[in-house]
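The values are calculated or read from the model by the stated rules, or taken from the named source; none is laboratory data. Since the model is a prediction, treat every value here as computed from it, not as a measurement. Here the Cβ positions follow ideal geometry from the backbone for every residue, glycine too, while neighbour counts run over all protein chains shown. Note: accessible area is taken over every heavy atom of the protein model, side chains too, but ligands, DNA and RNA are not part of it. Shrake-Rupley method; radii C 1.70, N 1.55, O 1.52, S 1.80 Å.
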Amino acid sequence: MKTTSKANAANTGVAVACMGYMLCSSLMLIANKLAVTFFAAPGIVLILQLGLTALCVKCAGMAGLIVVDNLEWAKVKPYSLVAVAFLSTIYTNIKTLQYANVETFIVFRASTPILVSVADWWFLGRELPSFRSSMCLLGLLLGACGYVLFDKNFEVKGYIWVLVWYTVFCFDQVYLKHAADTVKMQSNWGKVYYSNLLACIPLALIAVWNQEEQILKDSPSLAAFLAVGLSCVLGVAMSYFAWLARSLISATYFTVVGNSCKIITIVINRLIWDKHASNTGLVCLLLCLLCAYYYKQAPKRAEVAAREQAQKPKVPV
């Protein structure tokens, strides 16, 4: 009975983490697109998002509202690479959104579980995907290829940024899962604090290098304030749910979860934006999302071996 209760509680925790991440991920993509449209300084936008997230988390910890880990070199060292991977992913994300439409970004993301599933097996001790899951991953790839063929807004520069983001994103998914499993934190808020705070340092250098501070000479519009403010609020929530979900599910499944919520993004995008794909392209995108829905997480090899060992009949002595 206790085992059943624990399993139900664990499943509920996974569902809450995944649903929270899915909702924030869907809205964050649109918020970032609006932010860089009304305020064309992606580096400064990210500094505000990450810096305010770290500040809010630290203040809440000092007020005793949540538990936040203090800065320690033993944790800073591995999380420095986390910050670099995390920062590189979201920076190339925003650069991609400057040059390509939202659906282009979404469908390329939909194909990332294929590479991540291999890395999950090679580096993180997971089984390879089952036949059904492999077919789902193949469907993701076919949908992505079909979408590119019907993309009416093909831009060479846009796709170069997509490919750069693709490479960085796959590394990010695998390494962040590794960090979540191996670096012990007092709470999930500690992971949020470390990743956001440490990412601000190299990001500030990038913003100065790109001379983005020149944009601040002109007073930002009200629309810019609202768009950037919305992205900052969503940034806090998304960072929390993302780290919580990473701790509970595999890197591949986390990647698939991030893809399966994109119907909301598409609906919002078609309502407010003029850069969207053709209807044929959207059918290909829906194929990707359907395959993502039916994907099933591969178990850990150690768990499979233990199960098989337990099922072997005991030989009487």
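Residues checked against (1) modelled with pLDDT under 90; (2) in a loop (DSSP other than H, G, I, E, B); (3) in contact with a Ser or Thr (Cβ under 6 Å, 6 or more places away or on another chain); (4) among the polar types (S, T, N, Q):
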position: GLU103; (1), (2), (3), (4): yes, no, no, no
position: VAL107; (1), (2), (3), (4): yes, no, no, no
position: PRO113; (1), (2), (3), (4): yes, no, yes, no
position: LEU128; (1), (2), (3), (4): yes, yes, no, no
position: MET135; (1), (2), (3), (4): no, no, no, no
position: GLY139; (1), (2), (3), (4): yes, no, no, no
position: GLY143; (1), (2), (3), (4): yes, no, no, no
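Of all residues in segment 1-25, those being buried (at least 22 other Cβ atoms within 10 Å of the Cβ) and either over 30 Å from ASN93 (Cα atoms) or at pLDDT below 85 (or both) number 1. Of the set (1) within 14 Å of the chain's Cα centre (by Cα); (2) at pLDDT below 85; (3) open to solvent by 10 Å² or more (accessible area, probe 1.4 Å), all apply to LYS95 but (1).
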